[in-house]
Amino acid sequence: MKTAFCLSVAASALALSSSGALAQSLDLPESEEVDSETIVVTANRTERAISQVGESVTVIGEEEIINRQPSDVLDILRTVPGLTFNRNGGIGTTAGVSIRGADSDQTVVLIDGVKLNDPASPGGGFNFGPLLAGNIARIEVVRGSQSVLYGSQAIGGVVNLITREPTEQVGAFVRAEYGERDTAELVGNVSGRLGPVGASVGATYLRTDGISAFSEARGGTEADGFESLGFNGKLDVALADNISLDLRGYYFDSEVEIDGFGASGFQDTDEVSYRNDFVGYAGLNADFLDGRFRNRLGFAYTNIDRRDFDFGNDSETFDANGENRRYEYQGVFDATGFAELVFGAEREESEFRSASFGGAPDGADVWINSVYGQLNLTPVAGLSLTGGVRYDDHETFGDATTFAASGAYSPNGGATVLRASYGEGFKVPSLYQLYSIYGNTALEPEESESWDIGLTHGFLDGRAEVGVTYFERDSENLIGFVSTDSAPFGFYSNTALASADGWEFGVALRPVDGFDVALNYSIIDAFDETTGNRLARRAEDQASLVFDYRMQNGIGIGATVLVVGDSFDNASNSRRLDGYVVTDIRASYGVTENLEIFGRVENLFDAEYETVFRYGQPGRAAFGGVRYRM
């Protein structure tokens with residue numbers, strides 16, 4: 001898809017309003033008006049109305065997630081402004097997301113506030129491939145460097161995935177569907193409260209024959225299947241009026257068939273990748289001074305275990321384990337009616353083990369201690385200001401200090417909001433980059449500075465919202481692999497500089513009750529400043545259209561259209577990835593107040609495209625099912 005076509009889509013969006021379009025979430029609530037008081041947690045690590053948040057944030061609520069009928073998280077994230085993705089085949093295969101042109105391992109990924117990044121991966125990032133939407137009920141994406149509150153890796157931004165919460169009354173959600181490629185999925189969750197104990201527990205299962213990861217257009221013939229089973233749980237216990245216990249857990253076990261290089265080059269293979277993730281959190285919350293001083297003491301644990309086995313050669317080709325332990329304290333103090341202080345301390349201990357083809361394993365561990373503080377001010381009506389600082393002490397490279405500031409101003413109660421933010425980010429070298437056979441213990445952390453400014457405006461009695469944001473980011477000390485002629489034929493070094501700038505436009509409309517339309521368009525210019533080339537696998541422009549119409553008679557219809565421009569697959573810009581257009585349509589019917597049947601067709605026009613060279617993406621497929629909500 002050529003850039004000119006993407007530009008024509010953007011022009012259509014901007015024609016709806018002379019003011020431009022939205023930089024924030026285009027997720028409109030079910031009421032008739034745009035809710036400027038949507039509460040955001042991720043941006044400031046404390047609850048704040050979205051009209052008081054200076055950072056660029058997208059919030060995707062439960063209703064939109066349900067209406068769009070996603071199986072995996074990428075299906076939702078792909079339409080977030082400024083976010084692009086790449087994947088090595090169909091659902092379940094290796095996948096990463098890039099926020100505003102940053103590397104995929106420069107994104108902090110959280111589930112229910114717990115860090116998911118894998119210490120055993122080469123860059124320390126997170127593989128979204130096998131992550132299913134399942135019982136995820138809310139997604140918050142914060143764009144821009146966020147290391148003051150989230151530490152290492154938050155150069156591009158933060159993605160927080162929030163599962164279903166405990167409810168006051170007994171609640172249930174069940175979804176079952178079946179479709180092409182012998183794909184079956186079952187999702188269930190129950191929640192409720194009994195006295196001082198609230199709970200939410202659920203499970204997700206999916207299996208599919210899949211597609212050939214090796215692109216069928218290039219000769220791939222063997223379908224690569226995927227299967228995953230996951231569990232989620234939350235428990236909160238009120239020990240006293242001001243003290244509560246918070247327990248959270250998330251686990252999934254998956255296997256996916258993969259393709260790779262063999263005697264004939266890149267080809268179908270008999271290799272299977274196994275992975276299981278466990279995430280746990282235990283916290284104690286205590287409020288004092290009539291709720292003005294809120295405290296949280298917690299322990300978070302993440303373990304990601306991966307193993308690849310080649311059944312063609314009856315051998316294990318890869319084995320790795322990454323473990324992360326985080327001890328944390330956070331306090332929130334309402335100093336006055338207009339001043340709130342957020343502060344905390346953390347200790348993170350990470351370790352990894354990795355071996356290939358039965359060889360001797362690499363392994364190491366490292367710690368990092370951190371303290372941070374942020375002041376949130378509302379000095380006058382409509383004006384919100386934040387400023388923060390963080391200090392980190394790393395076992396290997398020493399210390400780092402980062403700063404951030406932001407502001408939001410609304411002269412009319414949130415209908416019009418001017419936002420601006422500045423943030424510094426850093427990413428410590430991964431354990432693999434430090435201690436593997438290619439490691440270099442002299443590596444310095446990657447660093448970034450970013451800023452953005454944006455304007456949103458609601459009109460037509462709250463039935464429309466438009467906005468625009470401009471952003472810039474400069475990064476230095478980026479870690480790259482340097483090849484050599486002698487064994488081990490290379491090492492990691494701080495070699496690169498990169499920059500990114502661009503625009504995010506959007507329009508959100510509710511022309512009649514139940515009919516929601518969101519149109520986004522992003523321009524991202526991301527360059528390697530050392531070579532002058534575009535960064536690999538970052539499309540220059542991307543547009544998306546999402547609409548859903550819920551009629552009074554229980555019928556719902558909707559569609560998602562994703563338009564992605566051209567990009568380059570490699571750093572030298574010698575191999576081009578053509579742009580593409582993917583259209584999904586969906587429908588549902590409410591049989592009763594609680595029971596719905598639904599169906600969708602993905603990739604309606606059977607577009608053939610690649611987000612990574614040689615790796616195919618799913619073609620047209622139909623799915624249908626039933627869901628029950630209580």
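Quick notes on this one:
- Per residue of the chain, the DSSP helices (runs of n ≥ 4 H) give a summed -39500 (n - 2.57) that works out to -1000 deg cm²/dmol at 222 nm.
- Using distinct alpha-carbon pairs, which all enter the 1/r mean, Kirkwood radius of the stretch 373-507 in Å: 18.0 Å
- Ellipsoid equivalent to the stretch 62-208 - semi-axes via the Cα gyration tensor, in Å: 27, 21, 13
- Sum of side-chain charges, residue 356 neighbourhood, beta-carbon under 11 Å (Lys, Arg +1; Asp, Glu -1): -4
- With contacts taken as Cα pairs under 8 Å and at least 6 residues apart, the stretch 286-381 reaches a relative contact order of 24 percent.
- A protection proxy built from the mean count of other Cβ atoms within 10 Å ranks the segments 535-544, 393-402, 440-449, most packed first, as 535-544, 440-449, 393-402.
- The fraction of Cα-Cα pairs per 10 angstrom bin, counted from 0 for the chain, comes to 3, 16, 28, 30, 18, 5, 1, 0 percent, rounded to whole percents.
- Length available on full extension from residue 459 to residue 338: 0.36 nm per residue minus the Cα-Cα distance, which gives 40.7 nm.
- Between residue 403 and residue 484, the modelled label-to-label distance comes to 3.9 nm, taking each label 7 Å out from Cα in the direction of the beta carbon.
- Exposure proxy ranking, count of Cβ atoms within 10 Å, fewest first, for 519, 604: 604, 519
- Each peptide among 338-346, 459-467 gets the average number of other Cβ atoms lying within 10 Å of its residues, and from highest to lowest they stand as 459-467, 338-346.
- Normalised by the number of residues in the chain, the average gap of Cα pairs under 8 Å and 6 or more apart makes the relative contact order 15 percent.
- Taking the stretch 68-188 and dividing mean pair separation by its residue count, relative contact order in percent (alpha carbons under 8 Å, at least six apart): 23 percent
- Take the Cα of residue 39, go 7 Å toward its beta carbon, and the backbone nitrogen atoms of the stretch 185-216 under 17 Å from that spot belong to 198-199.
- In this simple spin-label model, placing a label point 7 Å from the Cα along the Cα-to-Cβ direction at both residue 165 and residue 570 gives a separation of 5.0 nm.
- Averaging 1/r over each pair of different alpha-carbon atoms in the stretch 176-299 and inverting the result gives 18.0 Å, the Kirkwood hydrodynamic radius.
- Simple spin-label estimate for residue 383 and residue 289 in nanometres, 7 Å along Cα-Cβ: 2.4 nm
- Cα centroid separation, the stretch 546-593 to the stretch 451-523 (Å): 19 Å
- Separation of alpha-carbon centers, the stretch 116-163 and the stretch 221-286, rounded to whole Å: 14 Å
- In the stretch 504-626, the C-alpha radius of gyration followed by the widest Cα-Cα span (Dmax) gives 18.5, 61 angstrom.
Each reported figure results from applying straightforward, stated rules to the coordinates on display, with no laboratory input. The shown structure was predicted, so the numbers you read here are calculated from the model rather than taken from an experiment. In this analysis, Cβ positions are derived from the backbone assuming ideal geometry, glycine residues included, and neighbour counts consider all displayed protein chains.
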